[in-house]
Amino acid sequence: MFYSERISILCIIFITLASADIAAAIDKPDGSSCHKQETFFKHNAIYTYDYTVTTSHGFIGVSSSMSGGQLSCTVTLKVPKRCEMILQLSDCSLQERSIGSNDEYSTVENSDSFIQDLERYSMYFQMNEGLVLPDTIIADDDETLAVLNIKRGILSELQFQILGPDQFTDDVEETDIFGLCHTKYTFSSREPNTIHTFKNLRQCEMPQIFRRQFNSPFAAVKPLLGGTQEGTISEFIYPFVSEVSCDYKLNDQKRLAKAECLQMQYFKPTANKGDVLATVMANVSQTLKLSNYQKKSQKRPDLSLNGRSVIGIKYTYAADLHSESSASQIVNAATKLVEVFNPSKSGVDLSLSTHEFEQLLYAVRQAPEDELQKAMTDIFECGENCNTFKGETMQYVYLDALKVCGTDACLISYIRCLDKGHVTTMNGNHFLMSIANLKIISENVLAELYAYCKKTEKTLCWLTLGSYFGHNYVEDEKEDSVLFGLQDEMSSRVIINCDGDSLVNTERELNTAIKTMNNIGMKQNSRFMLKRPGLNIGAKLQTCLLKKHVPPAIKRSILRSFKLVQEFREYKDTPTNTIETLFALLVDPTEDISVRTQSFSQLLKTTVEDDIIRLVNYMKEPNTKQLLSYMHSAVDSLLEDDSLEMKDVKASWQEVNRRHYFTYDFRYGNEFLPTKSKSIRIADFFKFPISDIMGGQMIVDLVYTPASSYLFSSYSIAFNYYYGNQKYNLYELDINLHGFSLLLDVLLKRVDMTLNDLYDLYNELKARAEGQGKMDDDILSAKFQQNIVKAIDSILKIVNHPVELDFDFSVDLILQGQEVMFLSLQEIIDHVMEMQEKLPPNKSMFQTYLQKLMAGIDFNLYRFTEMLFIDRGIPTCAGLPLNMTVSWTGKALTPLSIKSNVALFMAGKTGQLTSNIRQYLLFAHHLSGSMVVPFGDVYTSGIKSNIDVGFERGAAVTLRYGYSDPLVLVENPTKKKFQFELFPILPEQESESLFYARGSMFLIHNSVEEMLPADNQVSTMKCMADSKTSMMIGRSLCIFTNFPRSVPSKPYFPMSGPFDIRLEFTKLFGVQSYESTWEYSMEKEPYSGYTYQLNFEHYAKGEGLSRYAFMTYKFEPELNKLTINAGYPDGGLSYEAEYSKMGFGVITHEWIKYRDYVLSGYSLKVTPDMFLLNYTDVSIGWELHMQHKDMSDVQISYSYFCTMDHPLLYLFHPVPVLAAENGDKTQVRISFKDKSPAKDQFAVSFGIYD
């Protein structure tokens, strides 16, 4: 019984499975889907074609060399029934084109598995009227994607619509491997039975890859956007021509004898269309040529889907666009980069490391999250190797790659590096601030960042998360989302801390929570409040405002949230309870002045008449002197404000003023008591010249407290602009300076206090102000300096809140309406104390750095980045992918070395201070573009073009002050000496590339890159200075160019061939450095008392010339005489001058010698002193003498005398008005005396006399 039941069950199962197999099948064609006569492939026949795919890539017009591959097969098309066909490949081979210009091919190694995949399975499909029917292609499930796409290409080429001649007038729509395309059919007029088709691939609804990454070079994070998509090529700028042309030829038996398609992809901007199209080109051709036709009956094809699936004819991309990278590949790429990059080494090939960084970035970008985690472990947990140059550099470049990679895995890995402490504070802050401005971040990345914020409690981290959500509104907020969790966390902190009585330890936490909620924005916060009505955050914040122990920094943050609520409601009526809270803050004379002014600004923006009248009445009260000028300035600014957002508010104030006319009384504006504060608001609203296009607005808010040692207590500046009805906040900076002077006194050791003492004092005073405890005066005096205690007591007498006045220092930076930075005094103390904890015991920070300077401090500051990445992939007619990639990577390198004996100099152990500074700047950028076509994963051919641009600049400076020989100062203690030695080029280098640009071209033959030679080039060299100038300065500045010769058959620059441009700065004649010396001294002269002397000397030692210049200033006070002596012997130039000051003017004697010429002369400049009422008998003029080796003397003199006979000459007088009053007499004399006694002397004299 059991056996028979088992047999029955098995039979049922078998029947069920059989029924399932029968059901899983496609329908055979019927009369509606198969027109029997309209076909080129008859049933009961076998068609055999020779199938060839050829790829060719080259720089046409530059070189005859090309790269490419060739796939050859036999294609068998079996037609067992009408409209039903079976495709089978056999006898396949894959060959690669040889390097060079010869059109020769050789078999690709290790291609057997690819060939076997091509030949393994057949493919079933149906055709009607020349088109492959949709949902009729059956392929085996084990077929590889690369083979499927190749067979799709064959089916697409077999498509040829059978229509009447009148139906080919307009373009027809066809769906093939490129998707839905407009196809143009043309009948050949030269060859019978030949039809031509054409497709512009830009107009096809094509499956494609488009990934892009572009950001500011200064952005730390650059997300990678895009992926696989289907549609037209939609870029505004697409620099390629992509088109497919096919020729179909029918034989006399109306069979398809030959089908040949050519897909052209070339770079259009540089194409030169002379006789030959010369440009960067990648072509793919596919040919089917009928070799045999056999009439043969066949059995009905199998239409079942057992182990098979129905596929479409369109090209299909893999879910993963590229193969995944492993941790070992990432480490190997980083190692290779470090091997070619050495910051301490100059003169290397600058483009090498940027190219290797491109390879590292590719590996990181393709790696999954777990492999990046393994790579991080390998690179950072390296033991003693971490402290080596290789270990440190690998860490830096790995972090740089993670920052610009842009994938979710990279962002998560970088946050984990932050968590592990692998990232410096500056780089970490840069990363977080960049995150805030991104448009798209996945929930996984946000969750990782949220966890990091909770763990570290870093203020900037919370502000970043809030800013991100402020910039990116979340439409559908779920309770398990990061946004909801962030809002829940921040609101809970506000409630807990506002309800407490002490903010000693939680002030920073509360302030951060309020600012984070402000960054999220009122729209999303209001939605959150509706979901959590019991929280009542608004009421809690108002309670916080009215508490005395709450610091002003927190109150200002709360008032900013009120401002955001007000703007969110477009300055409409504010709730009554909020208005009452603001009025309570405004009228409280013990409240911090910055809180009161901010409260007034909020109350000012109202449309309610009663509130406006209440403010005006308060302004008239006598106890508002300290706020009067601020309030008046704010009202005036409001009435002058033309911005759209203030339109209703302004109109309400004007209406109240019209009905209840009020005036301002400024009599008390500049009066204040020494112990009171005064606030001033200035420059509130300015219109920019571009305001007609988009209104510009600058707001400056300044609060001044005379009790402070600074010019102001708080300062706020904001820049806005208006476009249409929208207001955009570009920049806002708030600074509050209370307590900053005390911090500086401690840091600079002006007082005998440490940061720990200051921190204890901070907490004690907070407790004292909150009523939590009192500090005994004796204990206070014993612990702190007496002057600090007196200062605190004096502050207590002036204001009610010493904590707020003395310790409320903060800086808030707001960009685009989001707070991106908040710095408080408490945070500064924490950071400085954290730094001091790392120092040796009993050593101050200043002492530690002085000791480091003695040994030398080296900084290797460098950064790798990627400015641009574009990845575009489109199908080809042969079913092979055409991948185009553009990558722009860059490197910035600034090694800095500083060494100084300042510690010995300050200790008096040496009389000469010496400092050596060495700086090297290097920028290298690598722009790479490639087009490649792979045959599966076996063979790839293509082209690549690189452009490398950059510059390098190095310099070393030696500074010396004082004298190494102490006896110099013993002889004359007034002497001071300063020496400056400059090495414009580093000593170990002979030249520098101030700028370079190189273009190179490559043909890709799988793993081999063939570099195209620079043939038929034109070389030039042009120097910026002549040979004499170069000898004098010991340097040459020359530009070298190497360009392809311009001919009509070449493409346009920069694709016309390899090129090289260099601007070289080179040492000449052994000149290494320039040395300048300034020396000052006072000397006692026997007859004229003390003289003051300043000597300047300049050297550039080398071959051929001394390159020496000097200048000496000597001043004799008792004689009112200044003597100058200067010269440049190599140039044959010298200068001497004497300036003598007398009671009525200055007499100048000057001597200038240039080679064989000597010029000497004098001038008298009259000073119009009060006793000199006229110019009678006083001459004003100059006289010049010139000597030459062939002349004895040439004398030119020009003088004025006062007369009234010749008024036209008044215009030539130095003082025409006085000359007109007193008359003028002018005399000019020129005399020439030849050196030779045989020649007569010659003289010319003319004058105008009275």
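Scan Gln116, Gln126 and give me the residue that is among the polar types (S, T, N, Q) and surrounded by 21 or more Cβ atoms within 10 Å (Cβ to Cβ). Answer to the check: Gln126. Of the strands (runs of 3 or more DSSP E) that lie entirely inside the range 1046-1117, those containing 1 or more residues that are free of Cβ contacts under 8 Å to residues at least 40 places away in the same chain and within 30 Å of Ile985 (Cα to Cα) span 1089-1099, 1108-1116. One residue alone among Ala278, Ala257, Ala327, Ala282 is closer than 28 Å to Leu180 by Cα, at pLDDT 90 or above and under 52 Å from the mean Cα position of the chain (by Cα), and that residue is Ala282.
Of the residues Glu1118, Glu1150, the single one that is open to solvent by 50 Å² or more (accessible area, probe 1.4 Å), under 28 Å from Tyr1090 (Cα atoms), modelled with pLDDT of 80 or more and of a type in the set (Asp, Glu) is Glu1118. Of the strands (runs of 3 or more DSSP E) contained entirely in the range 148-227, those carrying at least 1 residues that are within 30 Å of Asn427 (Cβ to Cβ), touching a residue at least 12 places away in the same chain (Cβ under 8 Å) and open to solvent by 10 Å² or more (accessible area, probe 1.4 Å) fall at 206-214. From the list Leu277, Leu262, Leu305, Leu256, which residue is open to solvent by less than 20 Å² (accessible area, probe 1.4 Å) and among the hydrophobic types (A, V, I, L, M, F, W, C)? Being open to solvent by less than 20 Å² (accessible area, probe 1.4 Å) and among the hydrophobic types (A, V, I, L, M, F, W, C) holds for just one of Leu277, Leu262, Leu305, Leu256, which is Leu256. Take the conditions polar (S, T, N, Q), surrounded by fewer than 21 Cβ atoms within 10 Å (Cβ to Cβ) and modelled with pLDDT under 90 and apply them to Ser481. Does it pass? Judged against the criteria, Ser481 is not a match.
Being within 29 Å of Leu1068 (Cβ to Cβ) and either in contact with an Asp or Glu (Cβ under 8 Å, 6 or more places away or on another chain) or touching a residue at least 24 places away in the same chain (Cβ under 8 Å) (or both) holds for only one residue in Thr974, Thr958, and it is Thr958. When the residues of the range 993-1020 are narrowed to those that are open to solvent by 70 Å² or more (accessible area, probe 1.4 Å) and in contact with a Lys or Arg (Cβ under 8 Å, 6 or more places away or on another chain), which ends up nearest to Ile60 (Cα to Cα)? Once the filter is applied, the top-ranked residue is Asn1016.
Among the residues of the range 857-873, count how many are open to solvent by less than 30 Å² (accessible area, probe 1.4 Å), within 17 Å of Val397 (Cβ to Cβ) and among the charged types (D, E, K, R). The qualifying residues number 1. Picking from residues in the range 907-934 that are over 32 Å from the mean Cα position of the chain (by Cα) and within 29 Å of Pro875 (Cβ to Cβ), the one that is most open to solvent (accessible area, probe 1.4 Å) is Pro934. Here Thr1029 fulfils each of the conditions (1) touching a Lys or Arg at 6+ places or on another chain (Cβ under 6 Å); (2) among the β-branched types (Val, Ile, Thr); (3) in a helix (DSSP H, G or I) apart from (1). Of everything listed in (1) assigned to a strand (DSSP E or B); (2) open to solvent by less than 40 Å² (accessible area, probe 1.4 Å); (3) closer than 30 Å to Ile60 by Cα, the single unmet condition for Ala1126 is (3).
Residue-wise test of (1) of a type in the set (D, E, K, R); (2) surrounded by 20 or more Cβ atoms within 10 Å (Cβ to Cβ); (3) under 27 Å from the mean Cα position of the chain (by Cα).
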position	(1), (2), (3)
Thr377	no, no, no
Gly383	no, no, no
Cys386	no, no, no
Glu392	yes, no, yes
Leu399	no, yes, yes
Lys403	yes, yes, yes
Asp408	yes, no, yes
Leu411	no, yes, yes
Ile415	no, yes, yes
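Just one of the numbered conditions (1) at pLDDT 90 or above; (2) open to solvent by 10 Å² or more (accessible area, probe 1.4 Å); (3) more than 18 Å from Ser291 (Cβ to Cβ) is not true of His43: (1). Restricting attention to the range 129-147, the residues that are within 22 Å of Thr183 (Cα to Cα), open to solvent by 40 Å² or more (accessible area, probe 1.4 Å) and out of contact with any strand residue (DSSP E or B) (no Cβ under 9 Å at 6 or more places or on another chain) total 1.
The selection criterion, being over 21 Å from Asp480 (Cα atoms), open to solvent by 30 Å² or more (accessible area, probe 1.4 Å) and without any contact (Cβ under 8 Å) to a residue 12 or more places away in the chain, does not hold for Met433. Among the residues of the range 456-471, none qualifies, meaning not one is open to solvent by 40 Å² or more (accessible area, probe 1.4 Å) and within 18 Å of Arg365 (Cβ to Cβ).
Quick one: Gly1034 ticks every box in (1) at pLDDT below 90; (2) open to solvent by less than 20 Å² (accessible area, probe 1.4 Å); (3) under 21 Å from Asn946 (Cα atoms) bar one, so which box is it? Tallying (1) at pLDDT below 90; (2) open to solvent by less than 20 Å² (accessible area, probe 1.4 Å); (3) under 21 Å from Asn946 (Cα atoms), Gly1034 fails exactly one: (3).
Of all the criteria given as (1) open to solvent by 50 Å² or more (accessible area, probe 1.4 Å); (2) small (Gly, Ala, Ser); (3) on the phi > 0 side of the Ramachandran plot, the one not satisfied by Gly962 is (1).
The values are calculated or read from the model by the stated rules, or taken from the named source; none is laboratory data. Just so we're clear, the structure is a prediction, and the values are computed from it rather than from any experiment. Every residue, glycine as well, gets a Cβ built from its backbone with ideal geometry; the counts of neighbours run over all protein chains shown. Heavy atoms of the whole protein, side chains included, go into the accessibility calculation; ligands, DNA and RNA do not. Shrake-Rupley method; radii C 1.70, N 1.55, O 1.52, S 1.80 Å.
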